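Okay, so here's the structure we're looking at.
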Amino acid sequence: MKVLLIEDEIDVAEVYISWLQEVGHEITHCANGYTAGVEILEQGEGQIFGLILTDIKMPGKTGIELIDFLDKIETQTAKTPTIFLSGFIDEKLREKYKDLPHVTFLEKPVSKESFIQKVNEVT
């Protein structure tokens, strides 16, 4: 499956990439929501990502701004399963996305087992 990983900390991204590759996923990595948005919009027919994993706080566009943008343009991509990976998940954020069943949360720091389990649950 094609996975879009949006994480600004390269050392953290490298760990997630290795975990995803170990279970057979093809990963595209972006360091912020802006470059990720461009990557999503440039995807051709049949090249849609099967999963988006995004940090929340990043330079450029945040993960929240990216997901809000995708939901506004109402494409199939906007319904792509999305996991917010962050140490900044609170009830206000959970409340904001409660009506979007394709959006879920995973708090950092995260173990490899919890990470892979969540990926498997949403895909």
Does Thr77 count as in contact with a Leu (Cβ under 7 Å, 6 or more places away or on another chain) and at pLDDT below 90?
yes
If you scan the range 18-45, which residues turn out to be more than 12 Å from the chain's Cα centre (by Cα), open to solvent by less than 60 Å² (accessible area, probe 1.4 Å) and aliphatic (A, V, I, L, M)?
Leu20, Val38
How many residues are hydrophobic (A, V, I, L, M, F, W, C) and either open to solvent by 100 Å² or more (accessible area, probe 1.4 Å) or more than 13 Å from Ile64 (Cα to Cα) (or both) if we restrict to the range 86-99?
1
If you go through Tyr97, Tyr34, the only one that is aromatic (Phe, Trp, Tyr) and farther than 16 Å from Val122 by Cβ is Tyr34
I'm trying to understand the selection: among the residues of the range 87-119, which are of a type in the set (Lys, Arg), more than 18 Å from Lys57 (Cα to Cα) and in contact with a Leu (Cβ under 8 Å, 6 or more places away or on another chain)?
Lys118
State the number of residues belonging to the range 10-44 that are of a type in the set (Asp, Glu) and modelled with pLDDT under 95.
2
Which condition number does Ile83 fail, the rest of (1) closer than 12 Å to Leu4 by Cα; (2) open to solvent by less than 30 Å² (accessible area, probe 1.4 Å); (3) at pLDDT below 95; (4) not in a helix (DSSP H, G or I) being met?
(3)
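The values are calculated or read from the model by the stated rules, or taken from the named source; none is laboratory data. Just so it is clear, the model here is predicted, and its values are computed rather than measured. All Cβ positions, even for glycine, are placed from backbone atoms using ideal geometry, and neighbour counts span all protein chains on display. To get the accessible areas, we keep the full protein, side chains included, count just its heavy atoms, and leave off ligands, DNA and RNA. Shrake-Rupley method; radii C 1.70, N 1.55, O 1.52, S 1.80 Å.
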